[in-house]
Amino acid sequence: MSDLFFGTDLFNELDRMQRQMASLVGGFPSSIRSGRFGAFPPVNIGATDDSFEVVAFVPGIRQDKLEVSIDKGLLTISGEREPTHAVDDPELRLYKQERFTGSFRRVVELPQSADPGNVQARYANGCLSVTVGKQEASKPRAITVQ
């Protein structure tokens, strides 16, 4: 049994320590797009035997406002989120706005075994799914023992 005991939830304590450290160095980034913490869009990255999978969560963004490109092993997802309300509406008084509007860009470094010539992107229900195939030489294969 360990002699170390945390009277509260460990993750809450770590979160509290992170906020305290951030306040010592000037606080959180001024924009959700300006740092690793809270990077937009949030992504899930994984792999299968045949491909690398990147899913970017981009709710409220029109498909024609999204761009996907690969250059020198970097997958770039960029786009623009338009305001949900009239910006120049004199009747509207915003007290708080957490959903940002404007352009964004997210770059994901791909492994060397990624095949930039074999890429598919699909957009459905606010999720952009990008599938990057693996080069044939890097795919797992069975070797017959003789």
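The values are calculated or read from the model by the stated rules, or taken from the named source; none is laboratory data. Keep in mind the model is a prediction, meaning the values are calculated, not measured.
Does at least one position in the range 122-131 carry a residue that is assigned by TED's automatic domain parsing to the domain that holds Ala56 and on the phi > 0 side of the Ramachandran plot?
Checked against the condition, which is being assigned by TED's automatic domain parsing to the domain that holds Ala56 and on the phi > 0 side of the Ramachandran plot, the range 122-131 yields at least one hit.
Looking only at the range 104-146, filter to residues that are among the basic types (Lys, Arg) and at pLDDT 90 or above; which one of those is nearest to Val43 (Cα to Cα)?
Checking each candidate, the answer is Arg106.
State yes or no: is Ile61 modelled with pLDDT of 75 or more and either polar (S, T, N, Q) or not in a strand (DSSP E or B) (or both)?
Answer is yes for this residue.
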